[in-house]
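A.B. asks: Below: one structure in structure tokens.
The values are calculated or read from the model by the stated rules, or taken from the named source; none is laboratory data. Remember, it's a predicted structure, so these values are computed and weren't measured experimentally. When the accessible area is computed, the model is the full protein with side chains, heavy atoms only, and any ligands, DNA or RNA have been set aside. Shrake-Rupley method; radii C 1.70, N 1.55, O 1.52, S 1.80 Å.
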Amino acid sequence: LDLGAVEQGERAAVFGCGPLGLLVVQLLLRDGVRVFAADPLAHRLAAAAALGAETTPFEVDIAFEVAGTDEALDAAIALARPAARIVVVGIPDGARTSFDASGARRKGLTFLMSRRMKTGDLARAVDRVGRKLVSLDGLVTGGYGLADAETAFAALVARTGLKVVIRLGA
């Protein structure tokens with residue numbers, strides 16, 4: 001969010017509504033930003049809508065690509081208004097990403113590459129949770145003991161939930 005320099009009253013889109021994307025949605029909404037959310041998985045899109053994100057597309061000032069896919073990046077470019085900002089947060093499966101360069105160039109878009117975390121970010125995140133500026137409720141949708149690690153990984157691969165955790169000693 002810092003990298004994108006989002007201002008109150010702007011319109012934003014979040015492409016990818018896994019746990020990180022849902023946290024971005026929460027913080028944008030808290031800051032008075034109108035948010036469109038997109039995800040190919042219905043349960044993730046429903047989670048974003050339950051937070052208050054809209055699911056009908058509109059032109060945006062800033063888009064957060066949190067999915068790590070070329071399709072999400074192209075969708076972000078498509079919804080971006082001229083001179084908008086695209087924050088690339090998602091990590092692709094491989095080392096490369098591609099996008100519609102002609103659409104981005106015509107609109108004069110600015111791309112910002114997120115490193116995901118820098119010194120001090122974890123402390124700020126914990127502080128925001130502690131002050132209830134962001135909620136972690138509902139993000140963990142599968143908790144398994146170490147003996148059930150294989151089942152946990154199967155749930156992760158199937159993408160049936162949001163965040164799957166393995167608890168030691170459970």
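A.B. asks: Before I look further, what does the range 47-143 give for accessible area per residue, probe 1.4 Å, in whole square angstrom?
C.D. replies: Working: 5790 Å² over 97 residues.
Accessible area per residue, the range 47-143: 60 Å².
A.B. asks: Take every Cα-Cα distance within the range 1-87, group them into 5 Å bins from 0 onward, and report for each bin the whole-number percent of pairs it holds.
C.D. replies: 3, 17, 31, 29, 16, 4, 0
A.B. asks: Through the Karplus equation 6.51 cos²θ - 1.76 cosθ + 1.60, θ set to phi - 60°, convert the phi angles of the range 8-15 into ³J(HN,Hα) values in whole Hz; use x for Gly and Pro.
C.D. replies: Once θ is set to phi - 60°, the couplings for the range 8-15 become 4, x, 6, 10, 10, 10, 10, 9 Hz.
A.B. asks: What whole-number distance in Å separates the alpha-carbon centres of the range 16-33 and the range 66-123?
C.D. replies: Spelled out, the Cα-based centre of one part sits 16 Å from the other.
A.B. asks: Please work out how much length the chain gains when fully extended from residue 149 to residue 121, using 0.36 nm per residue of separation minus the C-alpha to C-alpha distance, in nm with one decimal. Walk me through the numbers before you get to the answer.
C.D. replies: Values: separation 28, 0.36 × 28 = 10.08 nm, distance 2.94 nm.
Roughly 7.1 nm would be gained on extension.
A.B. asks: Here's a follow-up. Hey, any idea what the orientation-averaged projected area of the convex hull of the range 33-83's Cα atoms comes to, in nm²? List each step's numbers first, then the result.
C.D. replies: Numbers: hull surface 14.3 nm².
In nm², the orientation-averaged hull projection of the range 33-83 is 3.6.
A.B. asks: A follow-up question, please. Of the residues 19, 82, 92, which exhibits the maximal mean-square fluctuation in a Gaussian network model of the chain defined by a 10 Å Cα contact cut-off?
C.D. replies: Judging by the Gaussian network model, the answer is 92.
A.B. asks: Still on this structure, please answer the following. Once the Cα atoms of helix 149-158 and of the chain are each reduced to a long axis, what angle between those two axes, in degrees from 0 to 90 to the nearest 10, is obtained?
C.D. replies: So the inclination is approximately 30 degrees.
A.B. asks: Roughly what angle does helix 70-79 make with the longest principal axis of the chain, taking Cα atoms, 0 to 90 degrees, to the nearest 10?
C.D. replies: 40 degrees
A.B. asks: Once the Cα atoms of helix 42-51 and of the chain are each reduced to a long axis, what angle between those two axes, in degrees from 0 to 90 to the nearest 10, is obtained?
C.D. replies: Taking Cα atoms only, the helix is inclined about 80 degrees.
A.B. asks: Would you work out what percent of the accessible area of the range 47-170, with all protein chains in place, is carbon or sulfur (probe 1.4 Å)?
C.D. replies: 57 percent
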